[in-house]
Structures are given as structure tokens and as C-alpha cells.
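Contents: one structure, followed by commentary.
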Amino acid sequence: DTLASYNEAPIDYTPMFREVAKDKMTKVVAKKGQAKVTFPLNVTTLNENYQDNAAEIEKIAKSIEEIKNAKEVDLKSVVIKGQSSPEGKFSTNERLSRGRTKAVVDYISEQYDFGADVLEAESVGENWEGLRAYVESSSLKNKAGILDIIDSDLDPDAKEQKIRSTYPQDWNNLHKNCFPYLRVTSYEVLYETIDYENVNTHISLAYDAMDAGEYRNAANHLAIS
């Protein structure tokens, strides 16, 4: 009789969902590209109206705008990297590369209100890596010999002089068909975004949605996961 007459007060139960770890739901993505921002001989001042500079600078600006205007995106850094062709003295090319890279960085900085830690400049100097890639894929008569010189331990000025003196015809070919395309400005836009390809991300978002009472949205995330 005592047991039959016992009345337990109802329990006020509220489900508790696990805490959403936002840092584990994100990934860093790099958007890369190249722009051929050109300068007159021995000049480091950027003229946006010189040759095709306006269109080339627009490539960089468009990439930045896409990231800045995207949802659930946190812009981390914009890296501008300048390179010159391996002709002339290395010290001169290094100075020009550094100055021209800074000119592009300064221009971009004027267009956007970036923090001091977002915009970065990297000067590579002479673009021997690009030259090697071009020669390796080319049909130059003395390709093997040129590649041996490029891969040697000679300093950059000595490499240039040896290629020029040993293979003058191929050097003229490179000067005309390759070197203009080695004077490039590379850019890389790094940003952090939600990693929707990760199953755990959808599970975490489902918990977040359930905690907010958005059960249909939670179901959608769980269906994907």
C-alpha cells in the first residue's frame, strides 16, 4: 500500500548539448595567383597605368575582395611576392625585386584598411626556379647543358654569364620568350573558414542548432554527417 501510494515529483529535464569547439571546425585555405605587374627599366615606382598593370593589379584586388566579402571567413594574411628575371647583376635585380614588391604592397595597403600584421611582402630576387621550369619543358637545343648550369653551385651572376657565353643562341631565345614572364608578382591570400567537408564540423553545428532550438537545421547537418 505504501509503495502504491508513492508519488514521485516529475523531473524537469533539459537536454545539455556538448560545447561547440569553434577552433576545431575551421581550416586555413590559401588562394594563390600571379600578376604580371611591370615596371620600366631600373624603376621601382608603381604606375598603375603602365602597360597592363591596371588589369594585373585588379587580379590581386579581386581575390582579396572575394575573401573579404565571403561569409564565415576570417582573413589571415595577404602575401605579395616579387621576382625578377635572372639577367643583369644579382645585387641589382635583388634591389629592384625588393623595391617593386614594396611598391605593390604599398599600393594594396592604400586600397584596404588592413592591420599591420595582415599584409606581408616577400622578395625572392631572381626567378631561377621559373627559368628552370621553362627550360625543362622547352625544346631548346642545349637544354641539358643549360639545366646543368642552373643546377650547379655557381653563384647567380656566374650562372648567367656561363649560359650567355656557352649557348648564346639559346640565351637570346630565353631573353625573348622566357624572361618577360619571369618578372612576376605572386600573391597568396590566406583565410580561415568553416570546414564543411569535415564530418565533425556538421555534428558540432548540429549540437549548436539543437541548443538554439533549431531542430530542422540540426537534422540537416546530421543527415550530411
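The values are calculated or read from the model by the stated rules, or taken from the named source; none is laboratory data. As the structure is a prediction and not an experimental result, all values here were calculated from the model. All Cβ positions, even for glycine, are placed from backbone atoms using ideal geometry, and neighbour counts span all protein chains on display. Surface areas here come from the heavy atoms of the whole protein model, side chains and all, with no ligands, DNA or RNA. Shrake-Rupley method; radii C 1.70, N 1.55, O 1.52, S 1.80 Å.
Values as computed for the structure displayed
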quantity: Farthest toward positive dipole pole in the chain [+1 Lys/Arg, -1 Asp/Glu at C-beta], among ILE60, VAL29, THR2; calculated: ILE60
quantity: Gyration tensor over alpha-carbon atoms, the stretch 105-192, equivalent ellipsoid semi-axes in Å; calculated: 35, 13, 12
quantity: Dipole in debye (nearest 20) - the stretch 1-107, about Cα centre, beta carbon charges: Lys, Arg +1; Asp, Glu -1; calculated: 940 debye
quantity: Positive-pole candidate from ALA116, GLY145, TYR187, dipole of the chain, charges at beta carbon; calculated: GLY145
quantity: Accessible solvent surface per residue of the stretch 7-105, calculated while the other protein chains remain in place, 1.4 angstrom probe, Å²; calculated: 65 Å²
quantity: Average accessible area per residue (Å²) across the stretch 162-201 - probe 1.4 Å, nucleic acids and ligands excluded; calculated: 55 Å²
quantity: Total charge dipole magnitude, the chain, about the Cα centre, Cβ charges on Lys, Arg, Asp, Glu only, Debye to nearest 20; calculated: 1340 debye
quantity: Rounded to whole Hz, the Karplus (6.51, -1.76, 1.60) HN-Hα couplings of the stretch 93-109, x for glycine and proline; calculated: 5, 5, 5, 5, 4, 5, x, 6, 4, 4, 5, 5, 4, 4, 5, 5, 4
quantity: Amide hydrogen neighbours beyond the local backbone of ALA35, cut-off 5 Å, H modeled; calculated: THR185, SER186, TYR187
quantity: For the stretch 1-116, convex hull volume per residue from C-alpha positions, Å³; calculated: 177 Å³
quantity: Residues whose placed amide H lies under 5 Å from that of SER84, excluding near-sequence neighbours; calculated: GLY125, GLU126, ASN127
quantity: Protein accessible area in the stretch 1-86, 1.4 Å probe - carbon and sulfur %; calculated: 49 percent
quantity: Partner lysines for LYS159 [C-alpha distance under 17 Å; skip if fewer than 8 residues away on the same chain]; calculated: LYS89, LYS143
quantity: Under Karplus coefficients 6.51, -1.76 and 1.60, residue-wise ³J(HN,Hα) of the stretch 112-123 in Hz, glycine/proline x; calculated: 10, 8, 8, x, 4, 8, 8, 8, 10, 10, 10, 9
quantity: Surface share of carbon and sulfur [accessible, 1.4 angstrom probe, percent] for the stretch 150-225; calculated: 46 percent
quantity: Charge-dipole axis of the chain as Lys and Arg at +1 and Asp and Glu at -1 on Cβ define it, positive-most pick from ALA209, VAL73, ILE163; calculated: ILE163
quantity: Within the chain, helix-based [θ] at 222 nm, where runs of 4 or more DSSP H residues each add -39,500 (n - 2.57), nearest 500; calculated: -14000 deg cm²/dmol
quantity: Hz values of 3J(HN,Hα) by residue in the stretch 52-62 - Karplus curve (6.51, -1.76, 1.60), Gly and Pro given as x; calculated: 9, 4, 4, 5, 5, 5, 4, 4, 5, 4, 5
